[in-house]
1. Just checking, which of Ala198, Ala252, Ala241, Ala262 is of a type in the set (A, V, I, L, M, F, W, C) and touching a Cys at 6+ places or on another chain (Cβ under 8 Å)?
2. For Tyr196, are the conditions met, namely being out of contact with any Gly (no Cβ under 7 Å at 6 or more places or on another chain), open to solvent by 40 Å² or more (accessible area, probe 1.4 Å) and of a type in the set (Phe, Trp, Tyr)?
3. Within segment 207-244, which residues are acidic (Asp, Glu) and touching a Gly at 6+ places or on another chain (Cβ under 7 Å)?
4. Checking the structure you have, find out if any residue of segment 199-210 is buried (at least 18 other Cβ atoms within 10 Å of the Cβ), over 30 Å from Gly263 (Cβ atoms) and modelled with pLDDT of 90 or more.
5. Go through segment 20-124 and tell me which helices (runs of 4 or more DSSP H), entirely inside it, have 1 or more residues that are among the polar types (S, T, N, Q).
6. Are there strands (runs of 3 or more DSSP E) fully within segment 195-295 with at least 1 residues that are over 21 Å from the mean Cα position of the chain (by Cα)? List them.
7. Specify which of the listed residues (Val246, Val255, Val272) is open to solvent by less than 60 Å² (accessible area, probe 1.4 Å), aliphatic (A, V, I, L, M), in contact with an Asp or Glu (Cβ under 6 Å, 6 or more places away or on another chain) and touching a residue at least 24 places away in the same chain (Cβ under 8 Å).
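The values are calculated or read from the model by the stated rules, or taken from the named source; none is laboratory data. Everything quoted here is computed from the prediction, not taken from an experiment. All Cβ positions, even for glycine, are placed from backbone atoms using ideal geometry, and neighbour counts span all protein chains on display. Just so you know, the surface numbers come from the protein's heavy atoms only, side chains and all, with ligands and any DNA or RNA stripped out. Shrake-Rupley method; radii C 1.70, N 1.55, O 1.52, S 1.80 Å.
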Amino acid sequence: MELKFNDLTKQFGSLTAVDHLSLTMSKGVYGLLGVNGAGKTTLMRIICTLLKPTGGTITCNGQDIFTMDAEYRKLLGYLPQDFGFYPEFTVGDYLSYIASIKGIRPAVVKKRSRELLEQVGLSKSEHQKMKKLSGGMKRRVGIVQAMLNNPRILILDEPTAGLDPSERLRFRNLISQLSADRLVLLSTHIVSDIEYIANEIWLMKEGQLVQKGTCGEIIRTMPEKVWCCVVDKSMAEAFTAKYGVVNMKSEAQGVELRMISAGKPTENAVCVEPSLEDVFLYYFGEKAGENNASV
């Protein structure tokens, strides 16, 4: 399975939401990382044929996805950030409804639904009403509806939005299991969602990819820019205003700061190994953005 973007562009009036992207995707997990408004959802909606590009193409195994039409959508599973449901439907009713829209035979969907509900830990919730489910349970039902047709391409837009840390961990483990034999594109602005499960990470800003590669490759794009130091509490606010501060921790002798800076910010600062969270601040944080202009 291969998806190929060739000079893909989407404009809304004077706004360019997706700006001349050329990429190739195959089996595995792709993490699309960026702040809100970066163009992630627009890109995903184009991949799902919900929006047509202004320019460029997407091909699936060499065929244009819009020309393939229903043949392509049979390969597709999609979990939008906000998916609608009738609150009075039970989980089973909801999945049967979605299956009918996808053209899946009732005999098939009943067996498939139960298998998937067991896989996501909801086997006892089939007869529970959707409105009674927690946020994490609803997201898991969302994964099940996306997987009903056993898609070869799985598109997940902010799948862990609003979930607590334990639910996010469960969700990441589930995505890892599902990615064994399919292409998964996961969009998020939460670094930890993709740091450990993505085979390739894309950093998207203002419709363009500013970096792509494995987690390690992306981290290596910013050597000697992450510093740790302890400063007097009275100086902490000034450092926060001047630099991209990733973390601040109060100590007995002052405040320990972890910050992004092109040069050594203070005499006692020690250069440390960057993390993906540091990279995120470097490319997307306000103060980091100012530093980027000069390095």
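1. Ala198
2. On the way: out of contact with any Gly (no Cβ under 7 Å at 6 or more places or on another chain): yes; open to solvent by 40 Å² or more (accessible area, probe 1.4 Å): yes; of a type in the set (Phe, Trp, Tyr): yes.
Yes.
3. Residues of segment 207-244 that are acidic (Asp, Glu), as a first pass: 217, 224, 232, 237.
Matches in segment 207-244: Asp232 only.
4. yes
5. Working: elements: 40-47, 65-68, 70-73, 91-102, 106-119.
Hits in segment 20-124: 40-47, 65-68, 91-102, 106-119.
6. 226-231, 244-251, 254-260
7. Details: Val255 fails: in contact with an Asp or Glu (Cβ under 6 Å, 6 or more places away or on another chain); Val272 fails: in contact with an Asp or Glu (Cβ under 6 Å, 6 or more places away or on another chain).
Sole residue among the options that is open to solvent by less than 60 Å² (accessible area, probe 1.4 Å), aliphatic (A, V, I, L, M), in contact with an Asp or Glu (Cβ under 6 Å, 6 or more places away or on another chain) and touching a residue at least 24 places away in the same chain (Cβ under 8 Å): Val246.
One line per residue, one yes/no per condition, for (1) farther than 20 Å from Leu178 by Cα; (2) in contact with a helix residue (DSSP H, G or I) (Cβ under 8 Å, 6 or more places away or on another chain):
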position	(1), (2)
Ala17	yes, yes
His20	yes, no
Ser26	no, no
Tyr30	no, no
Met44	no, no
Glu71	yes, no
Leu79	no, yes
